[in-house]
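First comes the structure, then the notes that go with it.
Nothing in this text is a laboratory measurement; each read-out follows from the coordinates by a stated rule. Fair warning: this is a prediction, and the values are worked out from it, not measured in the lab. Backbone-built Cβ (ideal geometry, glycine too); neighbour counts: all protein chains shown.
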Amino acid sequence: MPKKPRLAVFKFASCDGCQLQVLDAQDSLLAIAERVEIAHFPEARSQSLAGPYDIGLVEGSISTPADIARIQEIRRECRFLVTIGACATAGGIQALRNWCRIDEVVGSVYASPVYVESLAQSTPISEHVPVDFELRGCPIDTGQLVELITAVVIGRQPRVPRHSVCVECKEAGTVCVTVAHGIACLGPATQAGCGAICPAHGRECFGCYGPAEQPNLVSLTGFYEHRGTPRPHLARLVRSFNAWAPDFRHEGDRLEHGTGADSP
């Protein structure tokens, strides 16, 4: 009998939400478990087997000096490394500190900040080691996770949507919140995957799945600003779960610094 591929799940700075999504896919995971050996997953089991591993799923951002050494070791142990969730793929909500002085942030939270070893920035895994695939979301979609693991096991490219959230709204028959209510929504610039949950409830898309391909945010935010949405609101909109993703980061900086829509 062929040896089962070995799966490992690792955590860095995060809320554990993406790991809980892995557990929430329990019925599908039971079927996958027949083809994959779950060798390391502290969130789900106490037993841990040493590497090397065939598939490594990494949740969370790099936030401490120790994290850098640890992710490098994990990279050496994993044949196929996948980052899961906004923290691992774009620094997460904690990357908002990247626009602040780290000593001020730590001092406002901890009574004895001298004991806290923290990097000045919260950064995605890909800034430190090569990553084979990114599974976005805050949190990730369980269906996409199962698709990813299945694809790796049978040796094909994972089929994860690259179109925008607007397509999901159209497929579900959801009325566009921008057209109907004048709400500034990131749906046109955000990768699909959530099922357009927020627009379905009359709310704007907050970019949980990160920027779609060629998001053209300058044009989008310029349109909203022309319609009366204040720049500070638009800057906050792109600075949320995926604030450090390059497209969102650059547009947030542009909006904050007050340059025009035609500025680079």
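Annotations
- Charge dipole (Cα centre; +1 on Lys/Arg Cβ, -1 on Asp/Glu Cβ; no other charges) of the chain amounts to roughly 220 debye.
- The range 73-202 shape via C-alpha gyration tensor axes, a/c threshold 1.5: oblate
- Remark: spin-label model distance Ser46-His181 equals 4.8 nm, labels positioned 7 Å along the Cα→Cβ axis.
- Inter-centroid distance (Cα atoms) of the range 1-37 relative to the range 161-208, Å: 29
- Peptides 54-63, 237-246, 129-138 ordered by average Cβ neighbours within 10 Å, highest first: 54-63, 237-246, 129-138
- 13 Å beta-carbon shell around Glu77, net charge (K/R +1, D/E -1): +3
- The Cα center of the range 137-160 and the Cα center of the range 100-121 differ in position by 36 Å.
- Entry note, the range 165-257: relative contact order of 25 percent, from Cα contacts under 8 Å with a spacing of 6+ residues.
- With both labels modelled 7 Å from their Cα along Cα-to-Cβ, the Asn216 to Asp132 distance reads 3.6 nm.
- For Gly137, residues with placed amide H under 5 Å, excluding near neighbours: Gly85, Ala86
- Lys4, Lys11, Lys170 arranged by Cβ crowding within 10 Å, fewest neighbours leading: Lys170, Lys4, Lys11
- Remark: the range 120-197 is approximated by an ellipsoid whose semi-axes, taken from the C-alpha gyration tensor as √(5λ), come to 28, 19, 9 Å, largest first.
- In the range 3-66, taking the dipole from charged Cβ atoms about the Cα centre, the farthest positive-side position among Leu20, Tyr53, Phe10 is held by Tyr53.
- Between Ser28 and Glu256, the C-beta separation translates, for a Förster distance of 35 Å, into a calculated FRET efficiency of about 0.25.
- Calculated FRET efficiency, Lys4 to Arg227, Cβ-Cβ distance, R0 = 51 Å: about 0.40 to the nearest 0.05.
- Rough spin-label spacing in nm, given labels placed 7 Å along Cα→Cβ, for Ala200 and Ile102: 4.0
- Alpha carbon Rg of the chain, scaled by the compact-globule rule 2.2 N^0.38 Å: 1.07
- If you sort the three axes of the alpha carbon gyration tensor as a ≥ b ≥ c, you get a/c of 1.5 or more for the range 129-264 and a/b no higher than b/c, which makes it oblate.
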